[in-house]
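Here is the structure we will look at, set down as structure tokens.
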Amino acid sequence: MKWNLRLAAANRGIWKASELQRMLAERGVVFSVGKMSGLWSGNPASFKGTDLDALCAVLDCGLADIMVAEPEAFPVPERDTARPAATGDADSPTTVTPRRRDGRSLPPE
């Protein structure tokens, strides 16, 4: 996802994070300075749906104005259609080797 909060705010004449923060506070939504900075400066690590609702309400915009999907960032892997998927045959090119989750090796057979 591409985060476009600054562009959405600029389209509505809001140029500073503090200005947006004040407008949110007028509606009863209080963001800390750190959270507002994270939302304003780039791709936030996480956010709540209610935060998005508040931003959309203050900016009078839709979710698509704030977030833009980028499906091309995850291309579909090409599949070899001439050969069926591996079913666990002995001559299969992919062999699964069990490993312990704690990083230790398995005992010898």
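Consider Arg6 against the criteria (1) modelled with pLDDT under 90; (2) surrounded by 11 or more Cβ atoms within 10 Å (Cβ to Cβ): it satisfies all of them except one. Which criterion is unmet?
(1)
Tally the residues that are assigned to a loop (DSSP other than H, G, I, E, B) and farther than 16 Å from Leu7 by Cα, restricting the search to region 30-64.
Within region 30-64, residues that are assigned to a loop (DSSP other than H, G, I, E, B) and farther than 16 Å from Leu7 by Cα number 7.
Among residues belonging to region 65-77 that are more than 13 Å from the chain's Cα centre (by Cα) and at pLDDT below 90, point out the one that is farthest from Leu7 (Cα to Cα).
Residue satisfying both the conditions and the ranking: Pro77.
Tally up the residues in region 1-29 that are part of a loop (DSSP other than H, G, I, E, B) and within 17 Å of Cys56 (Cβ to Cβ), please.
9
Which of the residues that make up region 19-39 are of a type in the set (S, T, N, Q), touching a residue at least 12 places away in the same chain (Cβ under 8 Å) and surrounded by fewer than 16 Cβ atoms within 10 Å (Cβ to Cβ)?
Ser37
Restricting attention to region 52-76, which residues are surrounded by fewer than 10 Cβ atoms within 10 Å (Cβ to Cβ) and either in contact with a Phe, Trp or Tyr (Cβ under 9 Å, 6 or more places away or on another chain) or without any contact (Cβ under 8 Å) to a residue 24 or more places away in the chain (or both)?
Answer for region 52-76, where residues must be surrounded by fewer than 10 Cβ atoms within 10 Å (Cβ to Cβ) and either in contact with a Phe, Trp or Tyr (Cβ under 9 Å, 6 or more places away or on another chain) or without any contact (Cβ under 8 Å) to a residue 24 or more places away in the chain (or both): Pro71, Glu72, Ala73, Phe74, Pro75, Val76.
Residues being surrounded by 13 or more Cβ atoms within 10 Å (Cβ to Cβ) and at pLDDT below 90: count how many of those fall in region 40-51. Step through it out loud before you land on a result.
Of all residues in region 40-51, those surrounded by 13 or more Cβ atoms within 10 Å (Cβ to Cβ) come to 40, 44, 47, 51.
Then keep just the ones that are at pLDDT below 90; that gives 44, 47, 51.
Selection size over region 40-51: 3.
The values are calculated or read from the model by the stated rules, or taken from the named source; none is laboratory data. Not measured: the values here are computed from a predicted model. Don't worry about glycine lacking a Cβ; one is built from the backbone with ideal geometry, like all the others, and counts go over all protein chains shown.
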